[in-house]
Amino acid sequence: MTLVVLDPDGRYAAGCPGWLADAGEELHLVTGRAGAHPGFARVSVVERYERGTGAESAVLAAAARTPVRAVVAIAPGDQVRAACLRERFGLPGRSREAALALADSVAAHALLARAGIATTPRAEVRRVADLYWWAHRWGYPLAIRRRRGRDRPVIAEPGDEAALRAAVAGGLLPVDPAAVPGLTVEPAVTGEPRCDVDLPLPGALPVDPGLPYVVETVRGPDGDRLVHAVRYAPAVRPARELVRAQAGMGPLPAEVF
């Protein structure tokens, strides 16, 4: 049996051989960084790791040689990839849909809405007209954010139509109509969001120690708390715990720390 570790640049993988030493299984690292990776029985170095499908192909090739028992991934960019591979092999772990919700803010809002969980408004942006449409619906100020990633920063916050025109004229969206920008728009949030780790979201996201998340909530007009964002948050737990949980293993013995 094989435990596959996905790691784009090796920053998470270095500790895996020690953390998984008691697994008694072959460790196979799939990474974008060439060089020495001690402790792994196999290493597959993939060009264009983060943009291509080479990592998935390497894991499928590994599975053709020996059964894959678990796929371990800590980097935020690997979560959807790892979830798809688990589903392909019928392995336990977070589903593709749930992993996508932690990586994509529009997917998260759709999943929460389907589960009946109250959220702040948010919409994807595909063209300039979308911004004016939502400004008409919600009014100003608007917050325009990156759609994917952990931080999803506000890149523009127009307070009126003139400011929105200026942002658009400054190159907010790509000129090529075939290019879909990874942006969202929402009413600007007032007040500081409250952050909770692994806040239960029944029917939407399972609490999983191998993939911790942070839920941002804000106070709505009626005083109720609304979910504003859900993000994958690997930094809230030691990497060794995340690695072992995804491998289906318990905590390390105390003497290992």
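The values are calculated or read from the model by the stated rules, or taken from the named source; none is laboratory data. The shown structure was predicted, so the numbers you read here are calculated from the model rather than taken from an experiment. Don't worry about glycine lacking a Cβ; one is built from the backbone with ideal geometry, like all the others, and counts go over all protein chains shown. Ligands, DNA and RNA are stripped out before the accessible areas are found, and what is left, the full protein with its side chains, is counted by its heavy atoms. Shrake-Rupley method; radii C 1.70, N 1.55, O 1.52, S 1.80 Å.
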### Task
Could you tell me whether any residue of region 163-171 is assigned to a loop (DSSP other than H, G, I, E, B) and farther than 30 Å from Met249 by Cβ?
yes
#### Entry: Some residue of region 176-184 being at pLDDT 90 or above and surrounded by 12 or more Cβ atoms within 10 Å (Cβ to Cβ)
yes
### Task
Can you confirm whether region 247-254 contains a residue that is buried (at least 19 other Cβ atoms within 10 Å of the Cβ), part of a loop (DSSP other than H, G, I, E, B) and either modelled with pLDDT of 85 or more or among the aromatic types (Phe, Trp, Tyr) (or both)?
yes
### Subset of region 194-203 [without any contact (Cβ under 8 Å) to a residue 24 or more places away in the chain and either of a type in the set (S, T, N, Q) or open to solvent by 70 Å² or more (accessible area, probe 1.4 Å) (or both)]
Cys195, Pro200
### Message
I'm checking my understanding of the structure. Among residues of region 204-234 that are open to solvent by 50 Å² or more (accessible area, probe 1.4 Å) and farther than 27 Å from Ala188 by Cβ, which one is modelled with the lowest pLDDT?
### Response
Pro209
### Summary
The strands (runs of 3 or more DSSP E) lying entirely within region 1-68 that contain at least 1 residues which are in contact with a Gly (Cβ under 6 Å, 6 or more places away or on another chain) are 26-31
### Query
Does any residue in region 218-240 that is of a type in the set (Ser, Thr, Tyr) come within less than 9 Å, Cβ to Cβ, of a residue that is outside any helix (DSSP H, G or I) six or more places away or on a different chain, and which pairs are these?
Tyr232/Arg150; Tyr232/Leu211; Tyr232/Pro212; Tyr232/Tyr213; Tyr232/Val214
### Message
Please go through region 40-68 and give me each residue that is surrounded by 15 or more Cβ atoms within 10 Å (Cβ to Cβ) and in contact with a Pro (Cβ under 6 Å, 6 or more places away or on another chain), ordered by number.
### Response
Tyr49
